[in-house]
Every structure is written in structure tokens, then in C-alpha cells.
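Written below as C-alpha cells is the structure these notes are about.
Read-outs throughout are calculated quantities, based only on the coordinates presented, and are distinct from any laboratory measurement. Being a predicted model, the structure only gives us computed values, none of them experimental. Positions of Cβ are backbone-derived with ideal geometry, glycine not excepted, and every protein chain shown enters the neighbour counts.
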Amino acid sequence: MEMLVQVVLLAAGFVLLVKGADWFVEGASEIAAKLRIPPLIIGLTIVAMGTSAPEAAVSISAALKGSADITIGNIAGSNILNILVILGLSAVITPLAVERGTTRREMPFLAGISFLLLWQGWDGTISLFDGIALITLFIAYLVYLLVKAKRQPEENTETVKERALWQTLLLTVIGLAAIVLGSNIAVDAACAIARILGMSERFIGLTIVALGTSLPELFTSVTAARKGSADIAIGNIVGSNIFNILFVVGLSALVIPVPFAPAFRFDSAVAAAAAVLLLLCCVGTGKLKRWHGAVMLAGYAAYFLMIL
């Protein structure tokens, strides 16, 4: 009976996380639009942070609760899932064209910071100094995005919904509250499930929690792939993984030093290898083909069997 209750609570936590992120992004985007901030900049900052909000909330909540294995497991697991499962599934549905700039800059950067995270955690802790380094890189990345946005002409302008400012502010606050509440419920339920089943928090963090916090990326990328919007599918995943490492892990380490168990060296190495695999698949061809997607899905299946 207790198991059923915890599963229901976990699902409820994930629903709050996903809906909370939606409300927060919608509200924050409307506020920014009312303040006449360009839509492209809104997309590159607020929306990108919004898709990483579940990972950030769960990781910081887990760190504060002393569940370090869920903190690192959530990020490593989410980044592996994002590439091998979500992009793999999207590519199997339809081949994805990749912008040349993404292959030349964002993908190598993602691979580089993935290895950086592995190196930082090798001594067993993501320290305050490590967190400062990650947040500094995050700020530099944001500056790069803003410069890039200014160089690109805006193709369309979002219309601001006819909603009073107080309603927009309320929606944003409710979204943020739902994210925080959902993360607390999800972490507590995941820990309880791990205890009942005799599973490690590492396994729960790498699989169930990682999948739950990656739901926004999953729905966005698969829908974009089906509609033929390849740039959204690839950009969403690459950007989310960069935010997960720099913003989520960096912010968590600023709040409290995050223990990095030796077992996570393997998981972080797999996450870095997945980033390299994505880069190798896209270099030269400029496209993520169906067989690339099949290889990625097979790779995740092999990884999952190894951590069982």
C-alpha cells in the first residue's frame, strides 16, 4: 500500500513540475513581452531556463535534503536520456537537419563541459569553487546567446495575450510555487520508493527522476520532430543539457557542496560520450539520420542494462 502511495505522489510531483514549468515560462514570457524585450531573447533565456527548471528544483531540493545521489544522478541521467533517448527517438521518427553553427559551436561546447563536470567530480565533491566556475561559464554562455540573437533577424513577433499584469504575475508565481512543491514531493517519493524496493538512490535518480524531469524536453522535441522543426528538436536538447550542467549543477554547488560518488564517474563519462556521439553523427553530414537514432537508442538500452 505504501508503495502505491509513493508512486502516486511521484507522479503528482512530476505533474506539478511539468505544469509549473509551463506556467512559469508562459507568465515570465508575457511579462518580458509587456516590457518589450525581444521574443528571441525571451526564448533563449527564460524559456531555456524554464525547461531546466524541473532539474534545477529537484537537484537543489535533493542536495538540501542530503540525497546527493539523486542530485548528480538526475543531471547525468537527464543528459543521457536527452541525447540517447529523446534525440534518438526524434531521429527515428524523422531525420533531423542540424544547423552548421550548432555543430561547430554548441555541440563541442556541450562535450567540453560534460568532461569538465566529470573532472570536477573526480575528487568526490562538486565544491563551491567548482560551482563558481560553472556559473561563470553559464553567464558567458548567456552573453554568447544574446550576441548571437542580436545578429540574427527576428522572423516573427509573439502577440501578448490580453491578460492583466496582476494575472500574469500570479501565473508566474503559481508556476514557480508548483515547481518547488513538485520537486519536494518527487524527491521524497523517489527516496521512499528506493528504500522500499531496496534500490539505490543513484539508480532512481538516473532513471525515474531523470525521465520525470526530462518530460518537457521529451514532449517538445518529439512534437518538433513530427512537425519537421528539426532546429527546435536539436537546439532544445543541446541547450537543455548545457543549462543542466552549468546552471543546475553550478547553482546546486553554490547552495551546498554536492557529493560526487565514485559510481557517478561512469555515468558522467557516459553522458560525455553521448555528447561526443551526437557531435560525430552530425559532423560532415549536417543531419541526424534514422540509423543514428537507432544507434543512440541501442546505446541507452546497453547503458540501462549495465546500471540495473
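How many lysine pairs in the chain, separated by 8 or more positions in sequence or lying on different chains, have Cα atoms less than 30 Å apart?
19
Mind listing the phi-derived Karplus ³J(HN,Hα) values for region 89-94, rounded to whole Hz, using 6.51, -1.76 and 1.60 with θ = phi - 60°, and x for any glycine or proline?
5, 4, 5, 5, 5, 7
Determine, for each peptide in 286-294, 252-260, 179-187, 2-10, the mean count of other beta carbons within 10 angstrom over its residues, then list the peptides with the highest first. Walk me through the numbers before you get to the answer.
Numbers: 286-294: 16.9, 252-260: 20.3, 179-187: 23.3, 2-10: 13.9.
Most protected by this proxy first, the peptides run 179-187, 252-260, 286-294, 2-10.
Of the listed values (1) 15.5; (2) 17.5; (3) 20.3, identify the label whose number matches mean projected area of the Cα convex hull in nm² calculated from this model.
Calculated mean projected area of the Cα convex hull in nm²: the matching label is (1).
Using amide H atoms built in the peptide plane, which far-off residues or other-chain residues are under 5 Å from Leu288 H to H?
Placed amide hydrogens put Leu96, Ala97, Val98 under 5 Å from Leu288.
Please check: in the Gaussian network model of the chain (C-alpha springs, under 10 Å), which one of Phe264, Phe129, Phe14 has the largest mean-square fluctuation.
The residue with the greatest mean-square fluctuation here is Phe129.
Would you kindly derive the ³J(HN,Hα) couplings of region 185-201 from the backbone phi angles with the Karplus curve 6.51 cos²θ - 1.76 cosθ + 1.60 (θ = phi - 60°), listing them in order in whole Hz, with x for Gly and Pro?
5, 5, 5, 4, 5, 4, 5, 5, 4, 4, 5, 5, 7, x, 8, 7, 4
Sorted by mean Cβ packing within 10 Å, highest first, what order do the peptides 109-117, 204-212 take? Don't skip to the answer; put the middle values down first.
Numbers: 109-117: 20.7, 204-212: 25.4.
So the order, starting with the most tightly packed, is 204-212, 109-117.
So for the chain, averaging the separation of alpha carbon pairs under 8 Å that are six or more residues apart and normalising by length, what relative contact order in percent results? Provide the component values of the computation, followed by the final result.
Working: 468 pairs, mean separation 136.6, N = 308.
Across the chain, relative contact order equals 44 percent.
Per-residue HN-Hα couplings for region 291-304, Karplus 6.51 cos²θ - 1.76 cosθ + 1.60 at θ = phi - 60°, whole Hz, x for Gly and Pro?
6, 4, x, 5, 5, 5, 5, 5, x, 5, 4, 5, 4, 4
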